[in-house]
Amino acid sequence: MKTDKVFFILGRNPELSHAEIIAYMQSRNRTFREILFEENLLVLETNEDERFDIQEFGGIMKLGKIVFEGIETELITYLQKDELIPADKFSYATFGNIESELLKEKFKSEKKKAILKHGRKRIKFQDGKKQELPNANFNIFYHQHKNKIYLGTATQTYDSNPVKERDMNKPVRREHLAISPRLSKILINLSEAKPRDLLLDPFCGVGGILQEALLKNINVYGIDKEKQAIKDAEENLKWLTEKYQLKSKYTLENLDSRKAPDLQFKAIATETPLGKILRKKPNDNEAKNIIQNFEAYIIPILTRIKKIKKPNAKIAMTLPAIRTFKVDAQKIAKKTGLKITLNPILESRPDQFISRTFVVFQ
């Protein structure tokens, strides 16, 4: 069977983005093999002509096919005979660990007016490193791994504009409490929900995760104990389904999650209540209490969810984290009879008193 190699430029939390892509592939029973995963670069070997839509993901900035792999002498021969960029005047940027001298020479020999762009804005990654994001006409993956050089041109770039527009224009927004569309997409993909599945969000709020799931043709069931949240979610989802002519179905219930109906859900994706909005940094004792209270709160809910989901259904969720104080996922798994299929991955920003970890139970 013929194969392709696909590269991904990952977002600000590469570990989380990597987990999202792997879960997406596994849930669809797609054959793949990981070639490399270094910093924010990922290459997968897939079946030939495997199709991806970058807008389905929350953690990918760019993707494309690898057009060359081999040693440097083979690359020189390849560059001499094949056109890499189908334009005479353009700007380009490179992602990877190789200097772009060979590319410069190639474009010069072809008499192309090619301008190498460097970063304008920088994304800070989880490990504290910063990645420059150039503004260029073409983006080239140019990376050496285990004595092999990989070369490819991005064919898709994530477009955040329609996502932002959709999020900003929905009837009801809860800016300080709602999860972003980017993280919502990641949670849905981590849950391994597929089109036509029934997905549960037991803490749906105004429907942020449900919205992104509906756009993926996933049927959704949202629960929230706050009556106003359900009213707001109803308004948002009605607007969404009419505006985008969606055919997926949604159900909303004002209900305590411990009383969630037994519908044998195929997937669960949720942003759990991370605690009240804090106006100041909690001290160690306060942080410890927040985490312990959350653990006591979430265990009976997960015990109920285990009974109302299909046996292999995944529960992708967020857990609160405050500095070194984190929810004990192993303890929760033991108390609920669930198993952890993705160990907690921290997602944090410097301005947050309470951060999140992403975890998947089954």
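The values are calculated or read from the model by the stated rules, or taken from the named source; none is laboratory data. What you are looking at is a predicted structure, and each value in this text was computed from that prediction instead of being measured. Don't worry about glycine lacking a Cβ; one is built from the backbone with ideal geometry, like all the others, and counts go over all protein chains shown.
Observations
- Within segment 20-75, the set of residues being among the hydroxyl-bearing types (Ser, Thr, Tyr) and in a helix (DSSP H, G or I) comprises TYR24, SER27, THR73.
- With respect to the conditions (1) closer than 24 Å to PRO300 by Cα; (2) not in a loop (DSSP other than H, G, I, E, B); (3) not aliphatic (A, V, I, L, M), GLU235 falls short on a single one, namely (1).
- Candidates PHE141, PHE90, filtered to the one that is at pLDDT 95 or above and either exposed (fewer than 12 other Cβ atoms within 10 Å of the Cβ) or over 13 Å from GLY64 (Cβ atoms) (or both): PHE90
- Candidate set: segment 314-331, residues that are buried (at least 16 other Cβ atoms within 10 Å of the Cβ) and farther than 26 Å from LYS281 by Cα; chosen: the one nearest to the chain's Cα centre (by Cα): ALA316
- Considering ASN13, ASN40, the condition of being under 27 Å from PRO134 (Cβ atoms), of a type in the set (S, T, N, Q) and touching a helix residue (DSSP H, G or I) at 6+ places or on another chain (Cβ under 8 Å) is satisfied by ASN40 alone.
- Answer from LYS148, LYS170, LYS185 - the residue that is among the charged types (D, E, K, R) and surrounded by fewer than 17 Cβ atoms within 10 Å (Cβ to Cβ): LYS148
- SER257 touching a strand residue (DSSP E or B) at 6+ places or on another chain (Cβ under 6 Å), more than 19 Å from ILE315 (Cβ to Cβ) and not charged (D, E, K, R): no
- Pairing residues of segment 90-111 that are within 24 Å of HIS145 (Cα to Cα) and in contact (Cβ under 8 Å) with a residue 60 or more places away in the chain with residues that are of a type outside the set (A, V, I, L, M) and outside any loop (DSSP other than H, G, I, E, B), at Cβ distances under 6 Å and at least 6 apart in sequence or on separate chains, gives PHE95/PHE141.
- Subset tally (residues that are in contact with a Phe, Trp or Tyr (Cβ under 8 Å, 6 or more places away or on another chain) and over 18 Å from ILE140 (Cα atoms)) for segment 6-21: 9
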